[in-house]
Amino acid sequence: MDPSTLSLDSLLLAERRCSPADDLDDSDWDTDLEAEEPKSGREDMSTADVYRQACKLVGVVPVSCFLRNLGEDTINLNHHGLGPPGGRALAIALVTDTSTTTLELADNHLLAEGTRFLVEMLGVNSTIQHLNLSGNRLRSAGAEVVARMLLENVSIRSLKLSGNGFTEDDAKFLADALSINYRVKDLDLSHNAFCGRGGEHLGQMLANNEGLETLDLSWNHLRMKGAVAFCAGLKVNVTLKYLDLAWNGFGNEGALALGEALKFNNTLLRLDLSNNRITNEGVDMLCRGLEANDTLRVLWLQYNSVTVEGALALISVVKNTPKTALEEINICNVLVNETFVQLLELTCLEHPALEVQYGGVGGFIAKKPPKRLDPMKVIQDYLDERKLRLWDFFRNIDKDGTMRVPVSEFRKAVQQSSIPLNRYQIEELIQRLDRDRTGMVDYRGLADTRKQMMRDHRRQLRKVESRQKKEKQKSERILKTFQSAVEAVTPHSSVVLSPGGAKEDSSGPHHFSATPLSSWHHIMMSNSSQYSVANLSGEHVHLPLIAGASSHRPPSSPSVRSYSQPNLLADAPRYPTAKPASAGGKFSTSNSMVDSGGLTRSRPALTPGPPPPKSRGAKKGKTKKKTHEGV
């Protein structure tokens, strides 16, 4: 069948029958078209003629830019306001086109309806390899249409879907399709609304996909949970080279997971982490991965909460890691100091290709000012070292032993002693011991505050220990979640050699379904089958089938390429799940625990036994203790 006949009869009329709300009458158009253009004449129509006839059919004005660029490799129709009718006319014309390889249709309000026409056209046209559908408000319905296209199309190499309002559930449609489609090399999903579950689906896609080389996920909302799940897939990916994760709110938790992924990923060349709320602590966690990575060349960390300390950590990693491949580091908003400049010069002697963009010289290391010691504590420590009492120290000026002395004499006595107090501390001490400004210092307050100071000191130590414990537990939880996610997306037959090594899989590609982050310790595997896609050149490509479509095996030919997928459900081991102990130290009613190595350890019962009997010789009355007050 002639392509023009296919475009007008099959594509246009079939779609019109599916759209009863069309402005034009179907029967009238069929009659007019047959009267004006016989079938033999329609076969000689050019692409421009087909486009004009299609515009007349759908009731839109032909785009002159499209007509001028017919026959060129690239047709740029960005911001032309085509709408669904314009997309329909364009799809009809492009069925007969064999020159265009790049089609730019950003910001044309195509919606899912207009995209559906283009997807049907791509089922016939195999010359278009680069498609831009950004900013067309595709949303969920459009995501399903695009995913269906990715399952069937074998010619698209680059796909831009930025700013289409995709949400969490839409990520699953795209991830399932891209887990099977290995032809797409460049994918732009920026400026959408992927969050935690979206990161899980995309992480699963990265673990299964073996063709994607460039991925743009900037301006999404992955945050900590989505970042950890996504990095789990990045750890086992073997093809991705350029990754843009800017404006995703990774935070230090995401930087920790990303550092763990960089220890094993050996294909990533460029990583953009700008505007991700990463602090110096997150940079330290990221540097742990950079120490083991030998492929990453470009790292962008601008506009994070990084100071000169984080900048020094990055340069130190490059200097102390001989096998590093880093050639460009962007921290253009960070003001550095002379120490950084000197260290950078020394590092560039060993790594001459290194280029670091920083904000300028003038930064400083944020050091907390030395804490001023409490003058009361200084006096108490002084007396304790010399084993003196307060009255022993002040008895020369306190003849009556009332522990009240004039301010002038108190100041003179402290200044003449060897107590390490400066003038400001002495004045602060006098103000605290003479609050009513009576001119008399009651130094009994020094004795009264001793216990309070000890309590404050112990309370401060408990706060520090508690904060350190919480940070350690948080890091352990993130790492545990990350490892569970990695186990969920990693085939059992895959072997991760060592940091910087490649993963090997002898049984071919495996497909894993995306599961919620909270249940990633349950490894779920789905059955697999095959389906075939035929393009115009007669080449048949066998890919795994999803959604239960029927399998079809074409006759054997030299151009047949098959991608098999074994059934992993029957052989998948099942792991028992054990309820972990809580962080608070509470245990279950059973008296045994199973540790990580599978060993069972017994634990004595926690139920207290009966109280011991009282001794007969114990006194029934209460004894009174005499207290003696002294200084």
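Cβ separations smaller than 6 Å between residues 6+ apart or across chains give no pair from segment 462-488 residues that are in contact (Cβ under 8 Å) with a residue 12 or more places away in the chain and in a helix (DSSP H, G or I) to residues that are aromatic (Phe, Trp, Tyr) and open to solvent by 100 Å² or more (accessible area, probe 1.4 Å).
Among the residues making up segment 321-332, a single one is open to solvent by 60 Å² or more (accessible area, probe 1.4 Å) and modelled with pLDDT of 95 or more: GLU327. Please verify whether segment 95-113 includes one or more residues that are among the hydrophobic types (A, V, I, L, M, F, W, C) and modelled with pLDDT under 95. Within segment 95-113, one or more residues are among the hydrophobic types (A, V, I, L, M, F, W, C) and modelled with pLDDT under 95.
Got a number for residues in segment 85-116 being of a type in the set (S, T, N, Q), within 15 Å of TYR51 (Cβ to Cβ) and either open to solvent by 40 Å² or more (accessible area, probe 1.4 Å) or touching a residue at least 60 places away in the same chain (Cβ under 8 Å) (or both)?
Here is the first cut: in segment 85-116, the residues of a type in the set (S, T, N, Q) are 96, 98-102, 108, 115.
Retained after the next criterion (residues that are within 15 Å of TYR51 (Cβ to Cβ)): 96, 98-100.
Right, trim to either open to solvent by 40 Å² or more (accessible area, probe 1.4 Å) or touching a residue at least 60 places away in the same chain (Cβ under 8 Å) (or both) and you get 96, 98-99.
Selection size over segment 85-116: 3.
If only residues of segment 240-264 that are in a loop (DSSP other than H, G, I, E, B), out of contact with any Leu (no Cβ under 6 Å at 6 or more places or on another chain) and not aliphatic (A, V, I, L, M) are counted, the one that is nearest to SER179 (Cα to Cα) is PHE264.
Of all the residues in segment 204-229, those that are closer than 20 Å to VAL146 by Cβ and part of a helix (DSSP H, G or I) number 4.
Give segment 438-450 a look and list any residue that's part of a helix (DSSP H, G or I) and at pLDDT 65 or above, or say none. Explain how you work it out, then say what you get.
To start, the set of residues in segment 438-450 that are part of a helix (DSSP H, G or I) comprises 444-450.
Those that are part of a helix (DSSP H, G or I) and at pLDDT 65 or above: ARG444, GLY445, LEU446.
Of note, LEU296 does not satisfy the criterion of being assigned to a loop (DSSP other than H, G, I, E, B), closer than 19 Å to GLY203 by Cα, in contact with a strand residue (DSSP E or B) (Cβ under 7 Å, 6 or more places away or on another chain) and of a type outside the set (Val, Ile, Thr). Taking segment 304-415 and the strands (runs of 3 or more DSSP E) fully enclosed by it, the elements with 2 or more residues that are over 30 Å from GLN431 (Cα atoms) are at 328-336, 355-361.
Mind telling me which of the residues ASN136, ASN132, ASN164 ends up being open to solvent by 10 Å² or more (accessible area, probe 1.4 Å) and touching a residue at least 12 places away in the same chain (Cβ under 8 Å)? Before the answer, list the steps.
Working: ASN136 fails: open to solvent by 10 Å² or more (accessible area, probe 1.4 Å); ASN164 fails: open to solvent by 10 Å² or more (accessible area, probe 1.4 Å).
After applying the criteria, what remains is ASN132.
What do you reckon, is CYS287 over 30 Å from LEU429 (Cβ atoms) and either open to solvent by less than 20 Å² (accessible area, probe 1.4 Å) or assigned to a strand (DSSP E or B) (or both)?
Numbers: over 30 Å from LEU429 (Cβ atoms): yes; either open to solvent by less than 20 Å² (accessible area, probe 1.4 Å) or assigned to a strand (DSSP E or B) (or both): yes.
Against the criterion (over 30 Å from LEU429 (Cβ atoms) and either open to solvent by less than 20 Å² (accessible area, probe 1.4 Å) or assigned to a strand (DSSP E or B) (or both)), CYS287 qualifies.
Among the residues of segment 88-126, the one identified as farther than 17 Å from ASN164 by Cα and of a type in the set (Lys, Arg) is ARG88.
Of the residues making up segment 406-422, those that are under 15 Å from ARG432 (Cβ atoms) and hydrophobic (A, V, I, L, M, F, W, C) are VAL407, PHE410, VAL414, LEU421.
Pairs linking a residue in segment 140-160 that is among the basic types (Lys, Arg) to a residue that is part of a helix (DSSP H, G or I) and open to solvent by 10 Å² or more (accessible area, probe 1.4 Å), with Cβ atoms under 7 Å and 6 or more positions apart or on different chains, are ARG148/VAL119. Out of the residues in segment 117-129 meeting the condition of being closer than 19 Å to PRO85 by Cβ and without any contact (Cβ under 8 Å) to a residue 60 or more places away in the chain, tell me which one is most open to solvent (accessible area, probe 1.4 Å). The qualifying residue most open to solvent (accessible area, probe 1.4 Å) is VAL119.
The values are calculated or read from the model by the stated rules, or taken from the named source; none is laboratory data. A quick note: this is a predicted structure, and the numbers were derived from the prediction, not measured. FYI the Cβ positions are ideal-geometry reconstructions off the backbone, even for glycines, and counts take in every protein chain you see. These accessible areas exclude ligands, DNA and RNA; they are computed on the full protein's heavy atoms, side chains included. Shrake-Rupley method; radii C 1.70, N 1.55, O 1.52, S 1.80 Å.
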